[in-house]
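The values are calculated or read from the model by the stated rules, or taken from the named source; none is laboratory data. What you see is a predicted model, and the numbers here were worked out from it, not measured in a lab. Note that we place each Cβ from the backbone using ideal geometry, even for glycine, and neighbour counts take in every protein chain shown. We work out accessible area using only protein heavy atoms, side chains counted, and drop any ligands, DNA or RNA first. Shrake-Rupley method; radii C 1.70, N 1.55, O 1.52, S 1.80 Å.
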Amino acid sequence: MNTVISNWQIVSVMDGEKLIGKVLWGTVVDDSTCRFYKGNYVCTSRIIKINLDSRLVTTATGSLYQLIGNGNNKQAKIDIDDFELLRHGFSPEQIRSLNHFSSMAN
């Protein structure tokens, strides 16, 4: 097993109404590859295979992630313009809040 993730979400990355791809975002429980520290977030490359019955996700880079728990059942979506925020650790909810406050300021 490569990386075990909890508090996970499948995030759709959108360009307007067009789906660019889906990524996995969550908290690292264990990582046998030594790429991630326990307790840190991870945002994966594009998901190519999801098996929710076995709770396994495979990404475009060939990484394998085991999902712990039910994850966040909300349909998380972010705009491609916000993808770097996700990659830098902001959750989809935090990104939504930032966008909400930004639109209120304008």
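Scan the stretch 59-92 for residues that are of a type in the set (D, E, K, R) and touching a strand residue (DSSP E or B) at 6+ places or on another chain (Cβ under 8 Å) and report the count.
The number of residues fulfilling the criteria is 4.
Are any residues in the stretch 1-40 under 16 Å from residue 69 (Cα atoms) and within 9 Å of the chain's Cα centre (by Cα), and if so, which ones?
Answer for the stretch 1-40, where residues must be under 16 Å from residue 69 (Cα atoms) and within 9 Å of the chain's Cα centre (by Cα): 8, 9, 10, 24, 25, 26.
Please verify whether residue 23 is among the aliphatic types (A, V, I, L, M), open to solvent by less than 70 Å² (accessible area, probe 1.4 Å), out of contact with any Pro (no Cβ under 6 Å at 6 or more places or on another chain) and in contact (Cβ under 8 Å) with a residue 12 or more places away in the chain, treating the condition exactly as stated.
Judged against the criteria, residue 23 is a match.
Per-residue answers, yes or no, for (1) of a type in the set (Val, Ile, Thr); (2) more than 17 Å from residue 86 (Cβ to Cβ):
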position	(1), (2)
27	yes, no
56	no, yes
67	no, yes
71	no, no
